[in-house]
1. Test of understanding: among B:Ile108, B:Ile140, B:Ile51, B:Ile123, which residue is out of contact with any Ser or Thr (no Cβ under 6 Å at 6 or more places or on another chain) and outside any loop (DSSP other than H, G, I, E, B)?
2. Which of the residues that make up region B:102-133 are touching a residue at least 12 places away in the same chain (Cβ under 8 Å) and of a type in the set (Lys, Arg)?
3. Got a number for residues in region A:54-65 being assigned to a strand (DSSP E or B) and either within 9 Å of chain B (Cβ to nearest Cβ) or of a type in the set (A, V, I, L, M) (or both)?
4. Could we say that B:Phe46 is buried (at least 17 other Cβ atoms within 10 Å of the Cβ), over 15 Å from A:Gly63 (Cα atoms), of a type in the set (Phe, Trp, Tyr) and away from every other protein chain (no Cβ under 11 Å) here?
5. Looking for whichever is assigned to a helix (DSSP H, G or I), out of contact with any His (no Cβ under 9 Å at 6 or more places or on another chain) and under 18 Å from B:Glu41 (Cβ atoms) here; the options are B:Gly162, B:Gly135. Which one fits?
6. Go through region B:108-160 and give me each residue that's of a type outside the set (A, V, I, L, M, F, W, C), within 14 Å of B:Tyr92 (Cα to Cα) and within 14 Å of chain A (Cβ to nearest Cβ).
7. Any residue in region B:25-40 that's more than 9 Å from chain A (Cβ to nearest Cβ) and free of Cβ contacts under 8 Å to residues at least 60 places away in the same chain: show its pairings with residues that are open to solvent by 10 Å² or more (accessible area, probe 1.4 Å) and of a type in the set (Phe, Trp, Tyr) at Cβ separation under 9 Å, as long as the two are six or more apart or on different chains.
8. If you check A:Glu179, A:Glu155, A:Glu173, which single one turns out to be surrounded by fewer than 14 Cβ atoms within 10 Å (Cβ to Cβ), in contact with a Leu (Cβ under 9 Å, 6 or more places away or on another chain) and not in a loop (DSSP other than H, G, I, E, B)?
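The values are calculated or read from the model by the stated rules, or taken from the named source; none is laboratory data. Keep in mind that this is a model prediction, so the values were computed, not measured. Don't worry about glycine lacking a Cβ; one is built from the backbone with ideal geometry, like all the others, and counts go over all protein chains shown. Surface areas here come from the heavy atoms of the whole protein model, side chains and all, with no ligands, DNA or RNA. Shrake-Rupley method; radii C 1.70, N 1.55, O 1.52, S 1.80 Å.
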2 protein chains.
Amino acid sequence: MKSLEERIRKDGIVKSGNVLKVDSFLNHQMDVELFNEMGKEFKRLFADRPINKILTIEASGIGIACIVAQHFQVPVVFAKKTQSINIDGEVYSTKIESFTHKRVYDVIVSRKYIQPTDHVLIIDDFLANGCAVRGLIDMIQSAGATVEGVGIAIEKGQQPGGRMLREDGIRVESLAIIESMDDETGTILFREQ
Amino acid sequence: MKSLEERIRKDGIVKSGNVLKVDSFLNHQMDVELFNEMGKEFKRLFADRPINKILTIEASGIGIACIVAQHFQVPVVFAKKTQSINIDGEVYSTKIESFTHKRVYDVIVSRKYIQPTDHVLIIDDFLANGCAVRGLIDMIQSAGATVEGVGIAIEKGQQPGGRMLREDGIRVESLAIIESMDDETGTILFREQ
């Protein structure tokens, strides 16, 4: 999606350690108008899929997922990173390693909100090693529901998550795929799509 | 907001310990169409205020805030509960005690995203003791920005947060205010507004 690539070039900051900061518009301050364009694009890309639910993971996936959901007219469920007293004991759970936070989270979704009849689109802001997406897929499959696809804002193409998911037959659509970044020059190269 | 009250009556579950579970439509599974109605109502209520930014706190405030933001055509910033390597050292921080999770969080917002010229609307899903809202107000005031008001989905009127904020001159608009709940009968009484 050209407008997202342009925005990343304009406002993204490349840091050492393969870190791309996009917190001015994507995952701390959020440009809801841009999310709306992203929602339109995901709807176009997944128009052939009978999606009736969007699944994401807290925290930075939630905003994108909610705006995207308006284009599909479906509810959003977000997986939670810690057990809350407001969640029933009846949950699907998985462990997810965060690239950003360098730690492992327990992640849960209430069983009530993923049913075997559900056709789920996973939405998240970043795809790097794919741990978060793998964890969400695990929970959807535990529920006997169908993974219709994965919609990502920014995929780090140098990391294997996206490739491995596609090799496993999962439909992954990333609106911008980073081929390489240079933190000394600030240069970002995107994969042609 | 009558439609929100009706939804709480229909799908909310009253638990012992003054807990109201609304995770089927508000803070785990999210009914984006309902959020849209809420956004329209907040825009009506705060139409006279020169709001240019919405501030919320992760995780369950984010979805509502993003949908609401579409009605104001402004960006959203969400306060983060833990220090991330993706956030610069330059942050406003505060401590917030969570009623739900029975613990104290360190909460941060990057200084870049609250400027002295900002006129901020705080959005959150619940208001009980008001700790989260107080923390967000602290950070806005530290930045020298203006708190234009607080928009809440569900206020627990039996707890003092809302009353104390209003006594301090903060404009608080809650779409549903719970006067009392009974976990044995499941009855929920709302305050007339």
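1. B:Ile140
2. B:Arg111, B:Lys112 - these are the residues of region B:102-133 that are touching a residue at least 12 places away in the same chain (Cβ under 8 Å) and of a type in the set (Lys, Arg).
3. 3
4. Considered against the rule, which asks whether it is buried (at least 17 other Cβ atoms within 10 Å of the Cβ), over 15 Å from A:Gly63 (Cα atoms), of a type in the set (Phe, Trp, Tyr) and away from every other protein chain (no Cβ under 11 Å), B:Phe46 comes out as yes.
5. From the options B:Gly162, B:Gly135, the qualifying one is B:Gly162.
6. Listed by number, the residues that qualify are B:Ser110, B:Arg111, B:Lys112, B:Tyr113, B:Gln115.
7. B:Gly39/B:Phe72
8. Being surrounded by fewer than 14 Cβ atoms within 10 Å (Cβ to Cβ), in contact with a Leu (Cβ under 9 Å, 6 or more places away or on another chain) and not in a loop (DSSP other than H, G, I, E, B) holds for just one of A:Glu179, A:Glu155, A:Glu173, which is A:Glu179.
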